[in-house]
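Contents: one structure, followed by commentary.
The values are calculated or read from the model by the stated rules, or taken from the named source; none is laboratory data. Since we're looking at a predicted model, the values are computed, not measured. Cβ coordinates were reconstructed from backbone atoms using ideal geometry, including for glycine residues, and neighbour counts include every protein chain displayed. The accessibility values were calculated without ligands, DNA or RNA, using every heavy atom of the protein model including side chains. Shrake-Rupley method; radii C 1.70, N 1.55, O 1.52, S 1.80 Å.
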Protein chains: 2
Amino acid sequence: MRTVPVGVSARHIHLSPEHLAVLFGEGASLTELKPLSQPGQFAANETVEVIGPKGSFPKVRILGPVRRRTQLEVSRTDAFAIGINPPVRESGDIAESAGIVIKGPAGEVKIEEGVIVAARHIHFHTSDAEQYGIVDKQRLSVRLSGERGLVLDQVIARVSPEFALDLHIDTDEANAAGAKTGDQVEIIG
Amino acid sequence: MRTVPVGVSARHIHLSPEHLAVLFGEGASLTELKPLSQPGQFAANETVEVIGPKGSFPKVRILGPVRRRTQLEVSRTDAFAIGINPPVRESGDIAESAGIVIKGPAGEVKIEEGVIVAARHIHFHTSDAEQYGIVDKQRLSVRLSGERGLVLDQVIARVSPEFALDLHIDTDEANAAGAKTGDQVEIIG
């Protein structure tokens, strides 16, 4: 059986070095609250407010380290709540995605693109992918069992020697399935 | 192909006659805003506030007509937001479910049980069920297609001459699938 642990992503943001400086002040850096499942990634102590046309989230967790471009990842439920309409995208694919206002203790930025609903995906270490017979960018189906059991199709395989085995879904997907971080689920196709 | 239209249920409440009187005043009745897909059911103009330990929803739509017992239906996302932990249940099965405080213009009630996350289900008119070869209480699997395609298992068939054909899912399930009211989906097993 090809099992994978679940990692549920709540809304979060990645910041560019330039935006970090505007939001937290020149020379500011992110400080680690706790490590994430992917090697080198961490939840920062720092948070920002994100402000949409119909509402805002006052404390959105920043994930570090900084990235080349700022990216806010929200669930569809979140998006409705604050009045934005981001596309479902793979991380990093932000061209013509949604915009948002971001506010930090030292300043504010308005981004014209960078807000997405993350496409469900599995991180595979190269050796996991080999063992499971899976290649990068393959589309997979994964069964989540239980009283709200469902099968997620269109799960994107991402393979790298930098990755640790983990199925990343958002809170809508987790809640629809009654799933939580650490559950073990099965790749069925 | 056995297709079914989708009906997405946002959080809503059904009130008992006794609670309606407390919340809106002796002799008050519900007034119809618009009919629902199920014959005789309607969204009322009236709303209530529901108050949990960690937050509240100020305007929860009442669905009419009144029912024997008060029942609040929320998504898992809603439940986390206001700090309650309702079970996944079929409508009407509220024994030892979660409690909540409900506030109306004329008064307030605290219920000890009645809050549930609705179990996904399909309403079949008896003639639809016959045509599709489906019996009451059967568990079905339904495919929702698209970029967030998934298969919902554990879908409960409910058959009655009072029902109109409709798959009822909550906002978490709809958002996880990228589905909306009126989409046509397929029963696959």
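Taking the Cα centre of region A:1-159 as reference, the dipole from Cβ charges on Lys and Arg (+1) and Asp and Glu (-1) amounts to some 400 debye.
Non-local amide H neighbours of A:LEU165 (under 5 Å, H modeled in plane, Pro and chain starts lacking H): which ones? Amide H neighbours of A:LEU165: A:HIS125.
Accessible surface calculations at 1.4 Å, restricted to protein heavy atoms, place the protein assembly as shown at 46 Å² per residue.
Directionally averaged projected area (region B:89-169, Cα convex hull): 7.8 nm². The protection proxy used here, the mean number of other Cβ atoms lying within 10 Å of each residue, ranks peptides B:173-183, B:122-132 as follows, highest first: B:173-183, B:122-132.
Derived scalar couplings between HN and Hα for region A:123-136 equal 7, 10, 5, 3, 6, 5, 4, 4, 4, 8, x, 10, 10, 4 Hz in order, rounded to whole Hz, by the Karplus curve 6.51 cos²θ - 1.76 cosθ + 1.60 (θ = phi - 60°), x for Gly and Pro. Database remark: amide H of A:SER97 closer than 5 angstrom to the amide H of A:GLY114 (H placed geometrically; neighbours at sequence offset of 5 or more, or on other chains; Pro and chain starts carry no H).
Can you classify region B:61-111 as rounded, prolate or oblate using the Cα gyration tensor, where a ≥ b ≥ c are the square roots of its eigenvalues, rounded means a/c under 1.5, and otherwise it's prolate if a/b beats b/c and oblate if not?
Values: a/c = 1.67, a/b = 1.19, b/c = 1.40.
Oblate, since a/c reaches 1.5 and b/c is not below a/b.
Residues whose amide H falls under 5 Å from that of A:ALA119, counting only those 5 or more places apart or on a different chain, are A:ARG89, A:GLU90, A:SER91, with hydrogens built in the peptide plane.
Peptide B:74-82 has a mean of 3 when you count, residue by residue, the C-beta atoms of other protein chains within 10 Å of its C-beta.
Using every pair of alpha-carbon atoms in region B:43-189, split the distances into 5 Å bins beginning at 0 and state the percent of pairs per bin, rounded to integers. Over region B:43-189, the share of Cα pairs per 5 Å bin runs 2, 9, 16, 19, 19, 15, 12, 6, 2, 0 percent. Cα centroid separation, region B:24-87 to region A:29-108: 32 Å.
Label-point distances for A:GLU186 to the equivalent site in the other copies, using a point 7 angstrom along Cα→C-beta, read 2.3 nm when ranked shortest first. Averaged over the residues of B:172-184, the number of partner chain Cβ atoms lying within 10 Å of the residue Cβ comes to 5. Shown in residue order for region B:62-78 are the 3J(HN,Hα) couplings computed by the Karplus curve 6.51 cos²θ - 1.76 cosθ + 1.60 at θ = phi - 60°: 8, 9, x, x, 4, 10, 4, 10, 5, 9, 9, 10, 10, 7, 4, 4, 4 Hz (x for Gly and Pro).
Counting charges near A:SER141 (Lys, Arg +1; Asp, Glu -1) among other residues having Cβ under 12 Å from its Cβ returns a value of +3. Dividing the mean sequence gap of close Cα pairs (under 8 Å, 6+ apart) by how many residues chain A holds gives a relative contact order of 28 percent. Below 12 angstrom from the Cβ of A:GLU96, what's the summed charge of the other residues (Lys, Arg +1; Asp, Glu -1)? With Lys, Arg at +1 and Asp, Glu at -1, the neighbours total -2.
Label point of A:ALA164 (7 Å along Cα→beta-carbon): distances to the other copies' equivalent points are 5.1 nm, sorted ascending. The shape of the protein assembly as shown comes out oblate: with a ≥ b ≥ c from the C-alpha gyration tensor, a/c is at least 1.5 while a/b does not beat b/c. Peptide B:91-99 has a mean shielding of 0, counted as Cβ atoms of other protein chains within 10 Å of each residue's Cβ. Computed from backbone phi, the HN-Hα couplings of region A:97-109 come to 7, 7, x, 6, 9, 10, 10, x, x, 10, x, 9, 10 Hz, rounded to whole numbers (Karplus: 6.51 cos²θ - 1.76 cosθ + 1.60, θ = phi - 60°; Gly and Pro given as x).
When the Cα positions of B:PRO105, B:MET1, B:ALA81 are compared along the charge dipole of chain B, B:ALA81 comes out farthest toward the positive end, with charges on each C-beta of Lys, Arg, Asp and Glu.
Taking a Cβ cut-off of under 15 Å around B:ASN45, the surrounding Lys, Arg, Asp and Glu residues balance to a net charge of +1, with basic ones at +1 and acidic ones at -1.
Each copy carries B:ALA10; placing its label point 7 Å along the C-beta direction from Cα gives inter-copy distances of 2.4 nm, listed from smallest up. The charge dipole of the protein assembly as shown, taken about its Cα centre with unit charges on the Cβ atoms of Lys, Arg (+1), Asp and Glu (-1) only, comes to about 140 debye.
Of the peptides A:25-31, B:71-77, B:23-29, the order by per-residue mean of other Cβ atoms within 10 Å, starting with the highest, comes out as B:71-77, B:23-29, A:25-31. Over the Cα atoms of region B:11-117, what is the Rg over Rh ratio if Rh follows Kirkwood? My calculation of the ratio gives 0.94.
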